[in-house]
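Asks: Dropping a structure here in structure tokens format, bear with me for questions.
The values are calculated or read from the model by the stated rules, or taken from the named source; none is laboratory data. Remember, it's a predicted structure, so these values are computed and weren't measured experimentally. So basically every Cβ, Gly included, is an ideal-geometry build from the backbone, and we count neighbours across all protein chains shown. Protein only, heavy atoms only, side chains kept; ligands, DNA and RNA dropped before computing areas. Shrake-Rupley method; radii C 1.70, N 1.55, O 1.52, S 1.80 Å.
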Amino acid sequence: PQVLDLDEVLRCTALVNLWGIGDTYYTGGLQHNIRLFTPDDATGINFLPWDMDFVMSGGTSSALMPAGNNLGRLINNVPGNRRLYFGHIRHLCDTAFKSSYLTPWLTHYGTVVGQNFSGTAAYIDSRRTFAASQYPASVPYAITTNSGADFSVAANSVILDGTGWIDIREIRRAGSADPVIITWPTVNTWRATLPLVSGPNVIA
């Protein structure tokens with residue numbers, strides 16, 4: 001996070017892997033075919049899509065998770081990154097990466113270049129179905145510390161644990177505009193440290 005714009009890096013990686021683009025760093029194993037955008041201050045580095053001429057070269061059930069390079073380790077070995085990556089895959093599949101959204105574009109660009117891209121819709125639908133089968137098991141959002149019931153601490157802060165699925169982007173405390181700083185010890189469990197004041201504290 002000190003160097004990469006991690007959120008955008010993972011979203012770009014999700015998009016490239018959904019499209020089954022081969023011969024690229026994003027799919028793992030390869031140490032080539034990646035473009036980087038580096039801001040002047042060398043922080044917030046972005047990955048850019050590359051080698052789109054290999055689109056759909058991976059089968060509809062080809063791996064979504066990069067493996068065999070640092071990008072794969074960044075996603076697979078850090079639960080918070082893994083859940084964020086799956087969150088991007090799910091969001092893309094629910095919005096832009098679906099045949100109902102892309103078919104008008106496929107028709108338009110097919111007309112422009114004199115090709116029939118109708119077969120692409122079937123690939124997209126099959127790929128979305130496979131992607132959904134790879135999501136971690138769904139869990140409800142909950143505060144699990146003391147089973148969510150009231151409790152007391154003799155401190156000016158409290159550590160709360162909970163559960164949540166990949167559809168959670170941020171957690172906010174009621175009445176606050178800022179997201180709570182959370183860590184994800186596993187793909188489906190979160191932890192947050194919240195400040196307290198003397199006396200009763202309502203946390204929602």
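Asks: Scan (1) open to solvent by less than 60 Å² (accessible area, probe 1.4 Å); (2) touching a Lys or Arg at 6+ places or on another chain (Cβ under 9 Å); (3) among the small types (G, A, S) for the single condition G80 breaks and write down its number.
Replies: The failed condition is (2).
Results for (1) in contact with a His (Cβ under 8 Å, 6 or more places away or on another chain); (2) within 21 Å of A121 (Cα to Cα); (3) open to solvent by 30 Å² or more (accessible area, probe 1.4 Å), shown as yes or no for each residue.
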| position | (1), (2), (3) |
| --- | --- |
| D5 | no, no, yes |
| E8 | no, no, yes |
| A14 | yes, yes, no |
| G29 | no, no, yes |
| N33 | no, no, yes |
| L36 | no, no, yes |
| D41 | no, no, yes |
| G44 | no, no, no |
| L48 | no, no, yes |
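Asks: Here is a list: A121, A142. Which entry is crowded, with 16+ Cβ neighbours inside 10 Å and over 21 Å from T27 (Cβ atoms)?
Replies: Working: A142 fails: crowded, with 16+ Cβ neighbours inside 10 Å.
Every option except A121 fails the conditions.
Asks: Something else now. In segment 183-196, what residues are free of Cβ contacts under 8 Å to residues at least 60 places away in the same chain and either surrounded by fewer than 18 Cβ atoms within 10 Å (Cβ to Cβ) or charged (D, E, K, R) (or both)?
Replies: Within segment 183-196, the first condition is being free of Cβ contacts under 8 Å to residues at least 60 places away in the same chain, and the residues that meet it are 189-196.
Within segment 183-196, T189, R191, T193, L194, P195, L196 qualify.
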